[in-house]
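Engineer: Below is a structure I'd like to ask you about.
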Amino acid sequence: MKYISVGDMSQTYLMRRHNVQLKTTMSRLSEEVVTGISQDLGTKVGGDFTALAAIDRSMVRGEAYKQVAAETDLLAGTQQDALETIQGHAQAIGATLISASFASSYNMIESGAQNAEQRFEAVVDALNVNVAGRYAFSGTTTDTKPVASADTIISSLEAVVSGMTVAADIIAAVDDWFDAAAGGGGFLDLGYLGSANSLSPVRLSETDSAQLTITAGDSSIRNMLKGFALGTLVARDLVPDNIETRALLIRTAGDRITSAEGEMTTLRAGLGTVEAIISDAQTRNSAQVTALEIARKELIGVDEYETATALEATQSQLETLYTLTSRLTQLSLTDYLR
């Protein structure tokens, strides 16, 4: 019988090679068990990466759409909350001012005017809301606060109504200042600091897009500000100290606020429609990304059970190799002859 002799050095290298191979296989199988994805993509796709590349591109695009939709939804929600706050102030004071004007009570008129002044500042603060570093009502200039302070607006109106003694003239002057077109020295020049252009439409998915068009320069918002501004002029004694004049100004302030409150409802309804579009797009985006993930897994995924079984077998082989190596290292002629 012929025997093939293997030297100690050759045997050592052979054991090392088996050790490296088993460890490499074990590492690969461990990664596949954890991720569920084959580490040998070329074999899984048969050398044709076209389908995999298309799925990956679609997933990247889908994630981008999800991000854009989330940011747009956040901005729209912020606008909706701000408009709700403004409408709440309008509902709380509009009828109160009208009632105070008919009471022929100086104290009630003053109390209503002071209430309007406080709420005027709150309304301005709501319009200047900032979310994630963006002002919600500034149009395209989202880095600019959209509305000047209440003090700045009232100071501009004070210059306009200075010297007027007739309530109708004061009301007309305030209306004209808020209604003036850009360049006319009114609110759009001195009170509104944002852009004349609303935000551009944004693509939310392959088939959906949305546009947030509301700015603090919208006529509905300006109409609301008229009423609060009139009340503030009375509160700061910037109009004649005559109960009839002040009562008419307060009554008009209440009328302006009540009327604009209805316009605010329409404005919020339109914004709600945009929010619904965004929500539907987010649902479709999530479903599409999930479908793509499933398709990708089917294309390059592994069978978890088979992989786990192979991992366990490899681990057993590695343990056996360690046992054999330990026994071989203990064999020597000297120990045998003892």
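Engineer: Six or more apart or on different chains, Cβ atoms under 9 Å: show the pairs whose first residue is in region 155-174 and of a type in the set (D, E, K, R) and whose second is open to solvent by less than 10 Å² (accessible area, probe 1.4 Å) and not in a helix (DSSP H, G or I).
Structural biologist: The qualifying pairs do not exist here.
Engineer: To continue, here is another question. Filter region 210-244 down to residues that are open to solvent by less than 10 Å² (accessible area, probe 1.4 Å) and more than 36 Å from the chain's Cα centre (by Cα) and give me whichever is farthest from residue 72 (Cα to Cα).
Structural biologist: 234
Engineer: Looking only at region 284-312, which residues are modelled with pLDDT of 75 or more and not in a helix (DSSP H, G or I)?
Structural biologist: Scanning region 284-312 gives no hits.
Engineer: Let me ask another. Please indicate, with yes or no, whether at least one residue in region 175-193 is in a loop (DSSP other than H, G, I, E, B), surrounded by 23 or more Cβ atoms within 10 Å (Cβ to Cβ) and in contact (Cβ under 8 Å) with a residue 40 or more places away in the chain.
Structural biologist: Yes: region 175-193 contains one or more residues that are in a loop (DSSP other than H, G, I, E, B), surrounded by 23 or more Cβ atoms within 10 Å (Cβ to Cβ) and in contact (Cβ under 8 Å) with a residue 40 or more places away in the chain.
Engineer: Just to be sure, is residue 30 over 25 Å from residue 218 (Cα atoms), among the small types (Gly, Ala, Ser) and either at pLDDT 90 or above or touching a helix residue (DSSP H, G or I) at 6+ places or on another chain (Cβ under 6 Å) (or both)?
Structural biologist: Against the criterion (over 25 Å from residue 218 (Cα atoms), among the small types (Gly, Ala, Ser) and either at pLDDT 90 or above or touching a helix residue (DSSP H, G or I) at 6+ places or on another chain (Cβ under 6 Å) (or both)), residue 30 does not qualify.
Yes/no per residue for (1) out of contact with any helix residue (DSSP H, G or I) (no Cβ under 6 Å at 6 or more places or on another chain); (2) within 30 Å of residue 74 (Cβ to Cβ); (3) in a loop (DSSP other than H, G, I, E, B):
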residue	(1), (2), (3)
112	no, no, no
123	no, yes, no
137	no, yes, yes
145	yes, yes, yes
155	yes, no, no
163	yes, no, yes
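Engineer: Can you tell which of 42, 62 is open to solvent by less than 60 Å² (accessible area, probe 1.4 Å), assigned to a helix (DSSP H, G or I) and under 30 Å from residue 271 (Cβ atoms)?
Structural biologist: Being open to solvent by less than 60 Å² (accessible area, probe 1.4 Å), assigned to a helix (DSSP H, G or I) and under 30 Å from residue 271 (Cβ atoms) holds for just one of 42, 62, which is 62.
Engineer: Of everything in region 245-291, what is of a type in the set (S, T, N, Q), open to solvent by 40 Å² or more (accessible area, probe 1.4 Å), more than 23 Å from residue 79 (Cβ to Cβ) and touching a helix residue (DSSP H, G or I) at 6+ places or on another chain (Cβ under 9 Å)? Give them in sequence order.
Structural biologist: Listed by number, the residues that qualify are 286, 288.
Engineer: Quick check, is residue 67 open to solvent by 60 Å² or more (accessible area, probe 1.4 Å) and part of a helix (DSSP H, G or I)?
Structural biologist: yes
The values are calculated or read from the model by the stated rules, or taken from the named source; none is laboratory data. All of these numbers come straight from a predicted model, not from anything done at the bench. Here Cβ is always computed from backbone atoms with ideal geometry, including for glycine, and neighbour counts include all displayed protein chains. SASA here: full protein model, heavy atoms, side chains in, ligands and nucleic acids out. Shrake-Rupley method; radii C 1.70, N 1.55, O 1.52, S 1.80 Å.
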